[in-house]
Amino acid sequence: MSEPLVLPMLIDGERVEARSGERFEVLNPSTGAVYAVVPQAGPEDVDLAVAAARRAFPGWSRLSATERGRKLAALARALEARKDDFVVAESSQNGKTRFDADFDVTSTIACLDYYAGMANAVMGETISGPEGYLVYTRREPVGVCGLIVPWNFPIAIAVWKLAPALAAGNTVVLKPAEETPVTALMLADLLEEAGFPPGVVNIVSGDGETAGHRLVVHPDVDKVSLTGETVTGKIVMREAAETLKRVTLELGGKSPNLVFSDADLEQAVDGSLFLIFANAGQVCDARSRIYVQEPVYETFVDRFVEKARRLVVGPPDSEAHYGAITSARQLEKIEHYVELGQKEGATLLTGGRRLDGPGWFYEPTVFADVSNEMRIVREEIFGPVAAIGRFTDYEDGIAKANDTPYGLAATVWTQHLETAHRAAHDIRAGGVWVNTSEFLFNESPFGGMKASGFGRELSVHAFDAYTEVKTVGVSLGGHMPTFGV
Ligand code: NAD
């Protein structure tokens, strides 16, 4: 067995250990072995990182936008050159297949390129009127941003935040999830190679309750962007209120997948299968609630189960369709919900067991005959568990889709143009996709409504969220209010 990787943090351009000297282990979910050892940041390390980001802010924010874009493009090229290392590291720390990790790193490179191009392309507005005044707006960076990342798409989500924040002129402290800090820490070398000045990006590895919390309450952090569970979002929003931070919250989901009776059923089965089992279901907008219109319900369920049984689960370097569950804790959570589903009266048609170790793997699991009262339908499981129920007509389908605290995403399968667009308008979710298992492009906004949070990742909307709008007004001899004394 190879020796664990040992990685430092990045603070003010220096590779550093935690001030306390403490470290923690990162496990490989496919083997259960220690994959890496990294520093355990405490509040004092976060304070140093924030201070470095604050010192770097004037220089970075005043650098020309073209130059900021160039550095992001250089970071994209550096990542491209090290792509294979990142793919291996991402699948080793998270458990996802090499194929999935390759997809993530490829789209991460594209995300850096996308915001590299946006850095100098975003403009303010000139306001027409009032007479005798020149009034215009500027988009200015927010300041120092704390970026807090989950474990399911570690490098992709880190860069979804990092790239627009840097393009807009902010400096940042990035905190990866404690389960998966490796690829974020690996960015340190690439940032140096790409010529980022010290302090512009700082990377701290540590727990949410200590390092994450310190970022959220730190008086010198202007904005926090969190992707994580809804319960974490509530804590962050409450704690950020004290210092009136800007917050972007990308939270949990329980996204619906509506199959109308006029859908291309083969396409709907294949797409629905991908939408719940890709990445072992550890996807915030996994379409975990599948509602099928009654006339095609039995046929859909039969084909879905038959194909679910054909899925291969295994370690990253195998031909698996999906890989490991990222942590033992998450595996136990899935087991708990599957037990609960059976107690609640859902019909378990396939799966329902963890696979023999080493590592944490779980079978593709399908429940049918579910109702919206069941907790397996209401709560986020975050695993390879599909819950299939029926609907009668359009209104019933939309009502069931919307009967959830969450509002992240939805998919609709129909060949009827009117049904597709009506459903896309009527479903309360940040994104609705029609007749496809695709759900994400760097160019299109991504985020939630309701308990799935607010603010958007990706697209020009994420860039905007890392800026403040400033109005500048200059008299051209127009009317000036006075007391007339
Ligand atoms: P989590 O909430 O446990 O942790 C997310 C991050 O927040 C981690 O870095 C963690 O250390 C940090 N954190 C935890 N408590 C904190 C606190 N009190 N203060 C500051 N930071 C704190 O979530 P997770 O288990 O890592 O990720 C899975 C969750 O993320 C799921 O609910 C999933 O739906 C959600 N998610 C949402 C999106 C989206 O775009 N909406 C994308 C991916 C994942």
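Taking the Cβ-Cβ separation of Arg378 and Glu306 as r and a Förster radius of 25 Å, what is the calculated FRET efficiency to the nearest 0.05? Given R0 = 25 Å and the Cβ-Cβ separation, E is 0.35.
When only Cα pairs below 8 angstrom with a gap of at least 6 residues are kept, the range 318-457 shows a relative contact order of 16 percent.
A simple charge model with +1 on the Cβ of Lys and Arg, -1 on the Cβ of Asp and Glu and nothing else charged puts the dipole of the range 211-267 at about 460 debye relative to its Cα centre. Can you tell me which lysines have their Cα less than 24 Å from the Cα of Lys400? Leave out same-chain residues fewer than eight positions away. Straight-line reach from Lys400, under 24 Å: Lys254, Lys343, Lys450.
Among 240-251, 280-291, the peptide with the highest mean count of other Cβ atoms within 10 Å heads the list, and the full ranking is 280-291, 240-251.
Both the radius of gyration and Dmax for the range 197-294 are 19.3, 60 Å, in that order, over alpha-carbon atoms. Beta-bridge orientation, the chain: approximately 45 percent antiparallel, per DSSP, counting only bridges with both partners inside. Taking a straight Cα-Cα cut-off under 16 Å and skipping sequence neighbours fewer than 8 places away in the same chain, the aspartates and glutamates within cross-link reach of Lys223 are Asp47, Glu140, Glu239, Glu242, Glu250, Glu457, Asp464, Glu468. Projecting the Cα atoms of Val142, Ser225, Pro198 onto the charge dipole of the range 128-229, computed from C-beta unit charges around the Cα centre, puts Val142 farthest toward the positive end.
Any idea what % of Cα-Cα pairs in the range 5-161 are farther than 21 Å?
Numbers: 7376 of 12246 pairs.
Of all Cα-Cα distances in the range 5-161, 60 percent exceed 21 Å.
Here the relative contact order of the range 288-384, from alpha carbon pairs under 8 Å that lie six or more residues apart, stands at 26 percent. Normalised by 2.2 N^0.38 Å, where N counts its residues, the alpha-carbon radius of gyration of the range 1-98 equals 1.34.
Residue ranking by accessible heavy-atom surface, 1.4 Å probe, largest first, among Asp47, Asp100 comes out as Asp47, Asp100. The mean sequence distance of close C-alpha pairs (under 8 Å, at least 6 residues apart), as a share of the length of the chain, puts its relative contact order at 18 percent. Extending 7 Å from the Cα toward the beta-carbon at both Thr243 and Arg62 defines two label points whose distance is 2.4 nm. Given R0 = 51 Å, the distance between the Cβ atoms of Val485 and Asp403 translates into a calculated FRET efficiency of 0.20. Could you give the angle, 0 to 90 degrees to the nearest 10, between helix 294-310's Cα long axis and the longest principal axis of the Cα atoms of the chain? The helix 294-310 is inclined about 80 degrees to the chain.
As a test of understanding, state the convex hull volume per residue of the range 115-224 from its alpha carbons, in Å³. Numbers along the way, then the final one.
On the way: hull volume 14.5 nm³, N = 110.
Here the figure is 132 Å³ per residue.
On the beta carbon distance between Asp270 and Asp317, with R0 = 22 Å, the FRET formula returns roughly 0.30.
Taken over the C-alpha atoms, the range 376-430 has Rg and Dmax values of 11.9, 33 angstrom. Each principal axis of the Cα cloud of the range 321-417 was evaluated for its coordinate range; sorted largest first, these ranges are 47, 29, 24 Å. Projection of the Cα convex hull of the chain, averaged over all directions and equal to a quarter of that hull's surface, yields 26.2 nm².
Relative to the current alpha-carbon distance between Ser2 and Ser371, full extension at 0.36 nm per residue lengthens the span by 128.0 nm. Taking a sphere under 11 Å around the Cβ of Trp433 and counting the other residues whose Cβ falls inside, with K and R at +1 and D and E at -1, yields a net charge of -1.
Relative intensity of the range 50-89 on a log10 scale, I(q)/I(0) at q = 0.20, 0.24, 0.33 Å⁻¹, equals -0.72, -0.78, -0.97, per a Debye sum over C-alpha point scatterers of equal strength in the absence of solvent.
With viscosity set to 1.567 mPa s at 4 °C, what whole-number translational diffusion coefficient in µm²/s follows for the range 424-485 from Stokes-Einstein and a Kirkwood radius over Cα pairs? Don't skip to the answer; put the middle values down first.
Numbers: Rh = 15.6 Å.
After rounding, the answer is 83 µm²/s.
Distance distribution P(r), the range 140-201, all Cα-Cα pairs, bin width 10 angstrom from 0: 23, 56, 21, 0 percent.
Please give the length that would be gained between Glu395 and Glu17 if that part of the chain were fully extended, namely 0.36 nm times their separation in residues minus their C-alpha to C-alpha distance (nm, one decimal).
Working: separation 378, 0.36 × 378 = 136.08 nm, distance 5.73 nm.
Here the answer is 130.4 nm.
In the chain, taking the dipole from charged Cβ atoms about the Cα centre, the farthest positive-side position among Phe277, Ala188, Met374 is held by Ala188.
The values are calculated or read from the model by the stated rules, or taken from the named source; none is laboratory data. As the structure is a computational prediction, the values presented were derived from the model and not from experiment. Cβ atoms come from the backbone with ideal geometry, glycine included; neighbour counts cover every protein chain shown. The area values use the complete protein model at the heavy-atom level, side chains included, leaving out ligands, DNA and RNA. Shrake-Rupley method; radii C 1.70, N 1.55, O 1.52, S 1.80 Å.
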